[in-house]
Each structure stands twice: as C-alpha cells, then as structure tokens.
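Inspection log for the structure reproduced underneath, given as structure tokens.
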Amino acid sequence: MKYAGRLAAVAVVGALSLAACGTDNNSSAGSSASASAPAAAGNDNGLSGSVNAAGSSAQANAITEWTKNFSATNPGVTLNYQPSGSGAGVQAFIQGTVAFAGSDSALKEDEPAQADARCKTGKAINIPMVTGPVAVVYNLPGTEGLQLSPKTLGGIFSSKITKWDDAAIKADNPEATLPSTPIQAFHRSDESGTSDNFTKFLKATAEWPYEPAKAWPAEAKGQGSKGSDGIASSVKDTEGAISYVELSYAENSSLQKAKVANGAGEFVELTPESAAKTVETAEIKGTGNDLALSIDYATKTAGAYPIVLVTYEITCEKGLPADQQKIVKSFLTYTASDEGQAALKELGYAPLSGALLTKVRTAVEAIS
C-alpha cells in the first residue's frame, strides 16, 4: 500500500478539517467516550475552531489517516499538524505554540517541569497513541532476508563494521552470499524520537558506547538525513545503504527490511503483530494518567520484534485554553477508539490493545 499522498498532505502542515464533537468518536453530543467502552467517530457539530500540533514525523501517516476519517463526519474544526520531529514538537508545546505534541519518547530530564509550567493549572501527560515498529532498512540488490543481531547492528552504526561481507554479518547470515560493497550507514540528522528509541535499543542490547539521545552521537559518524522521509529516500537511492525508519515509511518506499534478533537470539521478521508483542510487555513508569512506558528492548518473548517506538501525544491534563481543550480531547478520544486504532494496522503501525488501551482512554477522559 502506498502512502506518499497521505504523507505529503501532512508534511506541508496541511490545515486538515476536523469537526469536533463533544467526543469526536461518540454518538452522544457533549460527552467523551468511556474509558472502557470504545467509540466511533461521531457527528456532533457543536464545536468549531482550530488547533495547532507538531512533532513526530513517525506518526505523520497516522495523523493524516485519522484526520481524513474524522473530518468525513466532523467538518467543523481545523487541525494543523507539523511533522517537525519529536524534539521540535516538545519545544513548541513547552513554548505554548501548539496544543499537543507528538513525541516518540516521553518527556525527560528537565522537560516535565517546563511542560507543567506551560499547563499552568495542571500537569503535562504522556499518552501513548501510536506504536511504530522501527525497521532496519537496507539497499543490497540480490540479498533478501538479511538477518542482523544487535551486536552486529552496533558495529555497523558505530562505523566499526564497514563492508557488507564482514565476518560478523556473515555469522548472522551463514547461507547468504554477501558482496564486499561498502556500508553506507544513515542516521537522522535532526533530533528524533526514532533515534532516541533506536539508540536505547543499541544501548540495551549491543556494545554501544554512547548514551541514548534524540540527537545522533557525532562520534558514531555515518551520514545524516532529515526526517523519516529523508532517511527512506537516502536508503532507496544509495546502494549499500542501511538505516532505521518506521515501518510505514519502509513499506511506502518498498525498502528491504532486515530480520532482527531479540533477547532470545531469535531472528524475527518485522510485522505489526511481532512488534505488538514487545509493546504488550512494556512497563508503565508514569503515575496517574501519565502513561510513559519502559520498553524491554531485550525481550525474550517468542516471536517479538525488539525495536519499537511508541509515539506519545503530550498535552495538558488540565490547563489548556477551553477552546483548545475541547478539540484536543475530542480528537484524542477518536484516535483511541476501536475505529481509530484499527485504521493504524493498514498503515504499518501496531494498534494498542488490552489494559494499555483502557488506560489510554482513561487518560484522555481526564483532559479538562
């Protein structure tokens, strides 16, 4: 399935028409969907206005699809989403220029205090909404089904493994015929939650000497490309390339995807289902309605693909201006609904489910 049209619609910060209902996905006017009962997109035109949001490019395809579906029955509200990257989105939220930020990592270090200050009468909360499996993508014609262990990935992205026929890659792929092509390792040049999650995976599972961060460590070298779309284009255009990017971008660009070994040493193909197995075991480290997660990148769960990111919608539990609060709550009620989550699977994301989804709905219900 191709998503270029959808991505383009968001990448230019499209003013996408969304009508707010009191709960965008509830048929009754003026109320939010229950935390335990899923809802579908509603048709209550009681709200009007616009909100700005920014952040993760990993969820750009999801935001486009959600907005399209939601606007079909709710044409009264405009949502402007700028896929500027997680770091930029969080800063825009702290500065008060957007009503919510999409971030591929939860608020950390000094960010929670700054975000709480922006909310004034309440606190900022991390609401997981999109599970974006991170694909290890490569461009090596004639070499399909490549398998890579975390240790090998650490060597490649720290510039210690520089040829595709290196002994470490051969050990992961004993039956493959590997060329001596130089490896061209690409990373995100902008601050990115995808980089943050990918380096967390490397730190937890490989011999990775650098601290996880949204900014790629300069010492690791490699070549930079801006945004998820930039990474996908660079890999597609460069023979011998390897990088990391969300599954939806990998599929949109028809990129080769490697199987990655989990903590049990099992090489696992990336699918929404195999990624969901890792998220299902994540521990909630936040309190109350702050649902920041701790992901086990070394999971030994059978069939679990280990490199995943969760995109959070970061907003004020309390403290948004009333007009923004109603629109944000309405939209997030829809995205957390069965209908909203079901739309993700077709785009290469893994829908939330079970106890975590129930907690997400409770957190959205609490926005006031």
* Just to be sure, is Lys318 assigned to a loop (DSSP other than H, G, I, E, B), in contact (Cβ under 8 Å) with a residue 60 or more places away in the chain and charged (D, E, K, R)? -> yes
* Only one residue in Asp229, Asp237 is more than 20 Å from the chain's Cα centre (by Cα), closer than 25 Å to Leu347 by Cα and surrounded by fewer than 21 Cβ atoms within 10 Å (Cβ to Cβ), so which one is that? -> Asp237
* **Filter pass, Ala106 being within 28 Å of Ile156 (Cβ to Cβ), surrounded by 19 or more Cβ atoms within 10 Å (Cβ to Cβ), small (Gly, Ala, Ser) and at pLDDT below 95** => yes
* Return the pairs, sorted by first residue and then second, in which the second residue is part of a helix (DSSP H, G or I) and acidic (Asp, Glu), the first residue lies in region 63-75 and is surrounded by fewer than 23 Cβ atoms within 10 Å (Cβ to Cβ), the beta carbons are less than 8 Å apart, and the residues are 6+ apart or on different chains. => Asn69/Glu339
* Across region 297-326, which residue is most open to solvent (accessible area, probe 1.4 Å) among those that are in contact with a strand residue (DSSP E or B) (Cβ under 8 Å, 6 or more places away or on another chain) and more than 21 Å from Ser84 (Cα to Cα)? -> Asp323
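Does region 218-226 include one or more residues that are open to solvent by less than 20 Å² (accessible area, probe 1.4 Å), in contact with an Asp or Glu (Cβ under 8 Å, 6 or more places away or on another chain) and under 30 Å from Pro351 (Cβ atoms)? Steps first, please.
Quick first cut of region 218-226, residues open to solvent by less than 20 Å² (accessible area, probe 1.4 Å) only: 220, 225.
From what is left, the residues that are in contact with an Asp or Glu (Cβ under 8 Å, 6 or more places away or on another chain) are none.
Checked region 218-226: no residue is open to solvent by less than 20 Å² (accessible area, probe 1.4 Å), in contact with an Asp or Glu (Cβ under 8 Å, 6 or more places away or on another chain) and under 30 Å from Pro351 (Cβ atoms).
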* Considering (1) surrounded by fewer than 18 Cβ atoms within 10 Å (Cβ to Cβ); (2) in a loop (DSSP other than H, G, I, E, B), say which one Ala171 fails and leave the rest. => (2)
* Evaluate the following for Glu207: is it acidic (Asp, Glu) and either within 29 Å of Glu346 (Cα to Cα) or at pLDDT 95 or above (or both)? => no
* Structure fact -> Checked pairs for region 201-212, first closer than 16 Å to Leu309 by Cα, second of a type in the set (Ser, Thr, Tyr) and assigned to a helix (DSSP H, G or I), C-beta under 7 Å and 6 or more apart or across chains, list as Pro212/Thr199
* Considering every residue within region 245-265, establish whether at least one is in contact with a Leu (Cβ under 7 Å, 6 or more places away or on another chain) and surrounded by fewer than 18 Cβ atoms within 10 Å (Cβ to Cβ). => no
* Asked: Taking Lys329, is it open to solvent by less than 60 Å² (accessible area, probe 1.4 Å) and at pLDDT 90 or above?
  -> yes
* Selection status of Phe70, assigned to a helix (DSSP H, G or I) and modelled with pLDDT of 80 or more -> no
* Structure fact -> Of the residues in region 174-217, those that are within 16 Å of the chain's Cα centre (by Cα), crowded, with 18+ Cβ neighbours inside 10 Å and either assigned to a loop (DSSP other than H, G, I, E, B) or charged (D, E, K, R) (or both) number 7
* Structure fact -> Taking region 73-119 and the residues there that are in a loop (DSSP other than H, G, I, E, B) and hydrophobic (A, V, I, L, M, F, W, C), the one that is farthest from Gly319 (Cα to Cα) would be Ala106
* Asked: Does region 126-168 hold any residues that are hydroxyl-bearing (Ser, Thr, Tyr), open to solvent by 50 Å² or more (accessible area, probe 1.4 Å) and assigned to a helix (DSSP H, G or I), and which are they?
  -> none
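Out of region 264-307, which residues are touching a Phe, Trp or Tyr at 6+ places or on another chain (Cβ under 6 Å) and outside any helix (DSSP H, G or I)? Working first, answer last.
The initial filter retains those residues of region 264-307 that are touching a Phe, Trp or Tyr at 6+ places or on another chain (Cβ under 6 Å), namely 268, 270, 274-275, 297, 306-307.
Of everything in region 264-307, those that are touching a Phe, Trp or Tyr at 6+ places or on another chain (Cβ under 6 Å) and outside any helix (DSSP H, G or I) turn out to be Val268, Leu270, Tyr297, Pro306, Ile307.
The values are calculated or read from the model by the stated rules, or taken from the named source; none is laboratory data. Everything numeric in this text was worked out from a predicted model, so none of it was measured. No Cβ is skipped: glycine too gets one built from the backbone with ideal geometry, and neighbour counts run over all protein chains shown. Calculation scope for accessible area: heavy atoms of the full protein, side chains included, ligands and nucleic acids excluded. Shrake-Rupley method; radii C 1.70, N 1.55, O 1.52, S 1.80 Å.
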